[in-house]
Amino acid sequence: MFDWIAVPRRNFKDLLAFVTVAREGSFTKAAGTLGVTQSALSQAIRGLEETLKIRLLTRTTRSVAPTPAGERLMAAIGHRFDEIESELEALTELRDKPAGTVRITCGDNVLHSVLLPKLAPLLREYPDIKLEFDMNYGFRDIVADRFDAGVRMGSTIDKDMIAVPIGPPLRMAVVASPDYFSANGIPKTPADLTTHRCINQRMPTSGGLYVWDFEKRGRKVNVRVDGPLIFNTAPPQVDASLAGLGISLLPEDELMQHLVSGRLVRVLEDWCPKFAGYHLYYPSKRQPSPAFSLVVKALRFSGHGQP
């Protein structure tokens, strides 16, 4: 027993290599994360397996996955490396200025409209802080994917998470080009949308089409629309509406410049109530680094109308 325990103590780099490959599911991605060659990474895993005398990873031409023994080892040590990394980052409290990398997963629009404007002054004041952004429209598991935080609309989150408002309440907007409404008429109620060409969105999590929901004086209406186009992100929906190809339903902050310019026209506004806007969410049990605490402070929304 003691001989087995002594082995990993002499092979922390090999264990870290194993954890990274298991998480990434790819030698190529893991090598990029660790900054080593694939050959060196393969050699480290092979040496660890030979030392422990057990197979830890199952390799195919397309992917890499832990064996039952590998899953057991991951469960035992994977979070330990996260704890070590967190504690090392926390040591920056003893420095003159906070340092370290903060990783955030978010959508493209909120990055440009909220995150970068608010965080630019922070980066100028603290040059040792680095920010990494992952553009993703799905609900990422920020713990499993080793992000410090994520951004989503609304304050509903999983248990053991903290949600911090970083922007004002938002509303959805039903829009199309002036030419489209001129040729096809203007919908007066949500039900009228079923007779129009609408631009659908494929949900990144469930894979289903987004159901357009509306509310007016407590009355809620759900509408399944149809049309010639389906996208899985917002920017092409905006482009399609600008081109006169149909009606879109999107957060108003993604459309404001086109509404102001008159290139898009808004309808059914009284059926689109406000809802909680963008929130930063992160694990409640993780000890935040000084750098991450500064990021949260810079992003926190405290203006009038805070949800």
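Every number in this text was worked out from the coordinates using simple rules, so none of it is lab data. Since we're looking at a predicted model, the values are computed, not measured. Here the Cβ positions follow ideal geometry from the backbone for every residue, glycine too, while neighbour counts run over all protein chains shown.
Where is the GNM fluctuation largest for the chain (alpha-carbon springs, 10 angstrom cutoff): Lys297, Lys159, Lys130? Sorting by GNM fluctuation, first place goes to Lys159. For a label point 7 Å from the Cα of Glu50 along Cα→C-beta, name the residues of the range 11-38 whose backbone N is under 16 Å from it. It comes to 11, 14-15, nothing else.
Note on the chain: antiparallel DSSP beta bridges, both residues inside, total approximately 70 percent of the bridges counted. Across q = 0.17, 0.20 Å⁻¹, the range 53-205 modelled as identical point scatterers on its alpha-carbon atoms has Debye log10 I(q)/I(0) values of -1.20, -1.37, in the order of the q list.
Spin-label model, Thr194/Thr60: points 7 Å from Cα along the beta carbon direction are separated by 4.3 nm.
With a simple spin-label model that places each label point 7 Å from the Cα along the Cα-to-Cβ direction, the separation between Ile186 and Asp226 comes to 2.6 nm.
If neighbour count is taken as other Cβ atoms inside 10 Å, put Met135, Met153, Met172 in order from fewest to most. Numbers along the way, then the final one.
Values: Met135 10, Met153 16, Met172 22.
So the residues, fewest neighbours to most, are Met135, Met153, Met172.
Per DSSP H run of n ≥ 4, the term is -39500 (n - 2.57); total these for the chain, divide by its residue number, and report the mean residue ellipticity at 222 nm rounded to 500 deg cm²/dmol.
On the way: 10 runs with 109 residues, N = 307.
My calculation for the chain gives -10500 deg cm²/dmol from helical runs alone.
Under 5 Å between amide hydrogens, built in the peptide plane, is the criterion, and for Ile162 it picks out Tyr282, Ser284 among residues at least 5 positions away or on other chains. Of the options [x] 34, 62, 4; [y] 26, 46, 25, 3; [z] 40, 57, 3, only one is P(r) over Cα pairs in 20 Å bins from 0, in percent as computed from these coordinates, and that is [y]. Stretching Phe12 away from Thr67 to a fully extended chain increases their span by 17.8 nm, per 0.36 nm per residue minus the current alpha-carbon distance. The gain in end-to-end length when the Lys274 to Gln38 segment is fully stretched comes to 79.9 nm, 0.36 nm per residue minus the alpha carbon separation.
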